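Working notes, beginning with the structure itself.
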Amino acid sequence: MKKGWKETPIRGIILEAGSAHGYSTGGWRKLQPTLDRAKCIDCMFCWVYCPDSAVIVENGKMVGFDLEHCKGCGICAMECPDKVKAITMVLEEEEKEAK
Amino acid sequence: MAVETKHKCNVGLTGNSAVAYAMKQINPDVVAAYPITPSTTVMEEFSSYVADGAVDTELVTVESEHSAMSACIGAAAAGARVMTATSSQGLALMWEMLYIAAGMRLPIVMACVNRALSAPLNIHCDHSDSMGARDSGWIQLYSETVQEAYDNIIQAVRIAEHEDVLLPVMVCLDGFITSHSIENLCLIDNDKVKGFVGEYKPNQPSLLDVEHPATYGAVALPDSYIEARRQQSEAMKLAKDVITDVGKAFEKVSGRSYGLMEKYRMDDAEVAMVILSSAAGTSKVAVDEMRKRGAKAGLIKPRVFRPFPYLEIGEALKNIKAVAVLDRADSYSSFGGPLFTEIRSGLYEFDKRPKIIGRVFGLGGRDYGVHDALAVFEELLRIKDTGKVDKLFDYITVRE
Ligand code: SF4
Ligand code: SF4
């Protein structure tokens, strides 16, 4: 249960850092980015350009997408270098059906 | 010209000079303002205190009132004690920021030198500006005299910053009538003012508190917005007792007492007028005149309009036979001004209640004289005798 009005900090302030991470904003995505790991050269362009910090990088490698926060804008696919094109945008329903 | 005085009482100052002097004594951390008639001289004089090094205040001169209130909000969120002043269109331009100051629970103190709103363009007194802001979440205190404006500014700091309240406070005084008229008043010693307002210590992490980082002004969706608003409503409710307590504490340092309202010759009154600010002074003369004529007339001057002391006012009016509520603003409901409709609504709590009428007067600085008040009392006497109200709502001081 969430806190009642008497327990909530006043001023609408948030005392916990990074709490937005717990809020799912990926629900209205129409297109979903998919990664072809074999083609990826880990240039990190997608990571730099993603407006929602939804590109996941581990140990210097691009490993996938945070679909709780990715809004499906396709910027990552657009920015992925032409000679690589490791990211493809696919319809959300088709991706779900495929799984 | 900035005031330099060692005298305590019988100091002749205009309302705006007195407000600026109170601000000097309070010595706020930040003042952000944009000039507008008739509040301009508050800032003009305060800025000379800044230039003379008489205060430590960071004075932020901005490009509009919207920016003035925005700067006040930023500074207050950073933990500063913040003050400003405005009037009329300036207050109107602050509109969206007024709600944000209140919603973020920032104890900003603002002098509102009441002036009519356009159109037609007018620079003179009425209460359209502050009455329009009555739902913005600011506490509102109304001042009859220069003395009250000075005293209210000092008390406002303590009311706003009280931990049960943490809301911005608007101190209203009548444009030109009070702001530009010289009256004798008593000033309080600097040390006493300093001691009375104390040091402002925000009890929550401020923007500059790097040890306790916090997010200010974040979005609150349907799962949390109403909780913040419920808290704000509670703070406004608690403000009523805080205002009373601060008034009592103020009496100890000044000898002048302040409550939620002033009652004038109400003890045995049969007919009464309710009226705000400087026009209450004029009306008291009419009360005395009515008493001389043998009529039991009285007057109530609410000092606090937000929070609205509906039970206290209702209690004071319930045994009166006929009451007139005079508004220096119309709310264009075609039913009555804001003070009238709220008092009438508050009286619904009482089984026994008076006949009541609402009258709008003095818009755009139209003179309101003793004869106008006497005419209202005469009408109340007719209502008392006949038990009949001819016109629930009407304008006075207007050419028919
Ligand atoms: S589609 Fe847009 S939001 Fe999703 S990962 Fe790519 S750039 Fe980020
Ligand atoms: S932009 Fe393309 S190649 Fe570069 S890291 Fe992202 S997916 Fe890999």
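The values are calculated or read from the model by the stated rules, or taken from the named source; none is laboratory data. Remember, predicted model here, so these are calculated numbers, not experimental data. All Cβ positions, glycine included, derive from the backbone under ideal geometry; neighbour counts span all protein chains shown. Protein only, heavy atoms only, side chains kept; ligands, DNA and RNA dropped before computing areas. Shrake-Rupley method; radii C 1.70, N 1.55, O 1.52, S 1.80 Å.
Against the definition (more than 16 Å from ligand 1 (Cβ to nearest atom) and either of a type in the set (A, V, I, L, M, F, W, C) or farther than 30 Å from B:Gly103 by Cβ (or both)), how does A:Ile75 come out, yes or no?
Details: more than 16 Å from ligand 1 (Cβ to nearest atom): no; either of a type in the set (A, V, I, L, M, F, W, C) or farther than 30 Å from B:Gly103 by Cβ (or both): yes.
The answer is no for A:Ile75.
For every residue, the table says whether it meets (1) open to solvent by 70 Å² or more (accessible area, probe 1.4 Å); (2) modelled with pLDDT of 95 or more; (3) touching a strand residue (DSSP E or B) at 6+ places or on another chain (Cβ under 7 Å).
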site	(1), (2), (3)
B:Pro202	no, no, no
B:Thr215	no, no, yes
B:Ala249	no, yes, no
B:Leu260	no, yes, yes
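Kindly list, by first and then second residue, each pair from a residue in the stretch B:225-249 that is farther than 26 Å from B:Asp151 by Cα and within 12 Å of chain A (Cβ to nearest Cβ) to a residue that is open to solvent by 40 Å² or more (accessible area, probe 1.4 Å) and charged (D, E, K, R), limited to pairs with Cβ atoms under 6 Å and residues at least 6 apart or on different chains.
Nothing qualifies.
Return yes or no: is A:Ala86 more than 14 Å from chain B (Cβ to nearest Cβ), open to solvent by less than 50 Å² (accessible area, probe 1.4 Å), within 10 Å of ligand 2 (Cβ to nearest atom) and touching a strand residue (DSSP E or B) at 6+ places or on another chain (Cβ under 9 Å)?
Numbers: more than 14 Å from chain B (Cβ to nearest Cβ): yes; open to solvent by less than 50 Å² (accessible area, probe 1.4 Å): yes; within 10 Å of ligand 2 (Cβ to nearest atom): yes; touching a strand residue (DSSP E or B) at 6+ places or on another chain (Cβ under 9 Å): yes.
Criteria met by A:Ala86.
Which pairs have Cβ atoms under 7 Å, sit 6 or more apart or on different chains, and link a residue in the stretch B:331-357 that is under 18 Å from B:His127 (Cβ atoms) and of a type in the set (Asp, Glu) to one that is in a loop (DSSP other than H, G, I, E, B) and open to solvent by 20 Å² or more (accessible area, probe 1.4 Å)?
What qualifies is B:Glu342/B:Phe308.
Being of a type in the set (Gly, Ala, Ser) and either in the same structural domain as B:Ala149 (by TED's automatic domain parsing) or assigned to a loop (DSSP other than H, G, I, E, B) (or both) is the requirement here; does B:Ala286 meet it? First the steps, then the outcome.
Values: of a type in the set (Gly, Ala, Ser): yes; either in the same structural domain as B:Ala149 (by TED's automatic domain parsing) or assigned to a loop (DSSP other than H, G, I, E, B) (or both): no.
So B:Ala286 does not fit the description; no.
Give the residues of the stretch A:3-15 that are surrounded by 11 or more Cβ atoms within 10 Å (Cβ to Cβ) and not polar (S, T, N, Q), sorted by residue number.
The first filter runs over the stretch A:3-15 and keeps only residues surrounded by 11 or more Cβ atoms within 10 Å (Cβ to Cβ), leaving A:5, A:8-15.
Across the stretch A:3-15, the qualifying residues are A:Trp5, A:Pro9, A:Ile10, A:Arg11, A:Gly12, A:Ile13, A:Ile14, A:Leu15.
For B:His124, work out the one condition from (1) away from chain A (no Cβ under 14 Å); (2) out of contact with any Phe, Trp or Tyr (no Cβ under 8 Å at 6 or more places or on another chain); (3) of a type outside the set (A, V, I, L, M, F, W, C) it doesn't fulfil.
Condition not satisfied by B:His124: (2).
Are there any pairs with C-beta distances below 8 angstrom linking a residue in the stretch A:37-64 that is among the acidic types (Asp, Glu) to a residue that is more than 9 Å from ligand 1 (Cβ to nearest atom), with the two at least 6 apart or on different chains, and if so which?
The qualifying pairs are A:Asp42/A:Gly60; A:Asp42/A:Lys61; A:Asp42/A:Met62; A:Asp52/A:Thr25.
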